[in-house]
Amino acid sequence: MLNNPIPENEMERIISLADYDLDYTSFQDSFKDLAKLAAKVAGTEISLINLIDSFTQWTITSHGLDIDQMPREDSVCQYTIAGNNDHFEVQDLKADDRFKDKFYVTDKPNLRYYYGIPLTTNEGHNLGALCMLDKDLKTLSPEKIELLKIIVDEIVNRLNVHRLITCLKTKLHEANETKMKVAHDIRGPLGGIIGLAQVISEQGHENKIEEVLEFINLIQRSGRSLLELADEILTADKPQRDLKTDEFNLIVFKDKLEKLYTPQAMNKKIAFTVSTSVNLSTIPFSKNKLLQITGNLISNAMKFTPISGKVTVVLSLKIEETQNLLQINVTDTGVGLSLQAVETILSGKAQSTDGTSGEQGYGFGLALVKHLVDSLKGTMHIYSNPGNGANFEIVLPQVQA
């Protein structure tokens, strides 16, 4: 069995990809023109824009081939992102031992030629690749390759714009939250000042202290003005019922996970279900890093669950006095984990092993989950025994809407 190629900076690479906080299903329109242009420039039937996480190659836009995802270990692009070269070319997939038995070579579309260019960030992280594919053998001229590199630069630029917009929305959301908190915080003291001024004012009427009364009346008027301003801020910033672009609710989150990971379950003949708590299913919460965290847990669970097994995801939201708690449970009927393995994962130092169907691992998926959960000030628990499956429980604090 051939070993999977792994970039030297793999942990940093997948953290960088997670920082883009991408929904892999929402970019068809954003990059469709570039995928088509790349195929036209290269003279190939097919071009794909792929992003590669710990377990999966996600095709965010395609031209000439209807594909959404494939296991990372089956992809050619895993070689494109593994090295420091500016491209990876396979003249004949059918003659290459690494790829000759892959489904896309032996069956339709019976691919023969591959040319891939990594999507590299300014920090040197290869997020994925633009690849050109054909069922006939090809040769690309230097002029065509230079044009393809320009297209790659534009893909990375658009990804960076998306990240920038997401970051600005997050900062705006945080600023609004701060404004709300300030408004809440000043209402209490101001109410006390006005109440105290009212008492002194009443005593002043009895004592006929005109100057004191005039001063206190000024305090009252100023205090009431500030209190009205705080009420105005609170009223204007009440969140809308419609979801914002940086929010999920349990229904939307459930649908996303089913769409992204049902194909993986069907491919391995595993039963996959996602359920939610119905009574709180429409309350919004931040979607920040949720697909990256939950997706890695699901892919990991499927990797270690045998054929005819089950992977179950339960999503719930708990309303508390000062915050909401989003709880994610991913449970499988797989091989289970030893106490030592659990402790290794929770320490953020998980290593990869082969899956139940021989899937080779890359060793960073659960380490990334632990990193992201910690960055969101959440908690991660693992309940498992060897041979009895595993339950990964994530709890993430959420600001109340």
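Only one residue in S47, S26 is surrounded by fewer than 16 Cβ atoms within 10 Å (Cβ to Cβ) and either within 24 Å of the chain's Cα centre (by Cα) or not basic (K, R) (or both). Which one?
S26
Count, please, the residues in segment 280-306 that happen to be part of a helix (DSSP H, G or I) and of a type outside the set (S, T, N, Q).
Of the residues in segment 280-306, 10 are part of a helix (DSSP H, G or I) and of a type outside the set (S, T, N, Q).
Within segment 34-54, identify whether any single residue is in contact with a helix residue (DSSP H, G or I) (Cβ under 6 Å, 6 or more places away or on another chain) and among the hydroxyl-bearing types (S, T, Y), and answer yes or no.
Yes: segment 34-54 contains one or more residues that are in contact with a helix residue (DSSP H, G or I) (Cβ under 6 Å, 6 or more places away or on another chain) and among the hydroxyl-bearing types (S, T, Y).
Looking at segment 97-123 only, could you name the residues that are of a type outside the set (A, V, I, L, M, F, W, C), modelled with pLDDT of 95 or more and closer than 30 Å to L164 by Cα?
Y115, G116, P118, T120, T121
Is segment 152-173 home to any residue that is polar (S, T, N, Q) and in contact with a strand residue (DSSP E or B) (Cβ under 6 Å, 6 or more places away or on another chain)?
no
Output the qualifying pairs, or none if there are none: Cβ atoms under 8 angstrom, residues six or more apart or on different chains, first residue in segment 149-160 and under 16 Å from Q28 (Cα atoms), second residue assigned to a helix (DSSP H, G or I) and polar (S, T, N, Q).
R158/S30
Do we find a residue being exposed (fewer than 14 other Cβ atoms within 10 Å of the Cβ) and either modelled with pLDDT of 95 or more or in a strand (DSSP E or B) (or both) anywhere in segment 128-137?
Yes, because at least one residue in segment 128-137 is exposed (fewer than 14 other Cβ atoms within 10 Å of the Cβ) and either modelled with pLDDT of 95 or more or in a strand (DSSP E or B) (or both).
Could you figure out which of (1) assigned to a helix (DSSP H, G or I); (2) polar (S, T, N, Q); (3) surrounded by fewer than 18 Cβ atoms within 10 Å (Cβ to Cβ) isn't true of T245?
Result: T245 passes all but (1).
Residues that are aromatic (F, W, Y) and surrounded by 22 or more Cβ atoms within 10 Å (Cβ to Cβ): list the strands (runs of 3 or more DSSP E) wholly contained in segment 69-126 that include at least 3 such residues.
113-120
Taking only segment 311-351 into account, find how many residues are β-branched (V, I, T) and within 23 Å of M11 (Cβ to Cβ).
Residues flagged as β-branched (V, I, T) and within 23 Å of M11 (Cβ to Cβ) within segment 311-351 amount to 5.
Could you tell me which of the residues E393, E343 is surrounded by fewer than 22 Cβ atoms within 10 Å (Cβ to Cβ), at pLDDT 90 or above, touching a Phe, Trp or Tyr at 6+ places or on another chain (Cβ under 8 Å) and in the same structural domain as F253 (by TED's automatic domain parsing)?
E393
Using the structure shown, decide if D21 is at positive phi and assigned to a loop (DSSP other than H, G, I, E, B).
Considered against the rule, which asks whether it is at positive phi and assigned to a loop (DSSP other than H, G, I, E, B), D21 comes out as yes.
Among the residues of segment 84-100, are any closer than 25 Å to Y261 by Cβ and not hydrophobic (A, V, I, L, M, F, W, C)?
Checking segment 84-100: not a single residue is closer than 25 Å to Y261 by Cβ and not hydrophobic (A, V, I, L, M, F, W, C).
Out of curiosity, is V314 modelled with pLDDT of 95 or more and buried (at least 20 other Cβ atoms within 10 Å of the Cβ)?
Considered against the rule, which asks whether it is modelled with pLDDT of 95 or more and buried (at least 20 other Cβ atoms within 10 Å of the Cβ), V314 comes out as no.
Among V330, V373, which is modelled with pLDDT of 95 or more and part of a helix (DSSP H, G or I)?
Answer to the selection: V373.
What about G387, is it modelled with pLDDT of 85 or more and either within 17 Å of the chain's Cα centre (by Cα) or part of a loop (DSSP other than H, G, I, E, B) (or both)?
yes
The values are calculated or read from the model by the stated rules, or taken from the named source; none is laboratory data. This is a predicted model, so every value here is computed, not measured. Neighbour counts are summed over all protein chains in view; Cβ atoms, including those assigned to glycine, are modelled from backbone coordinates with ideal geometry.
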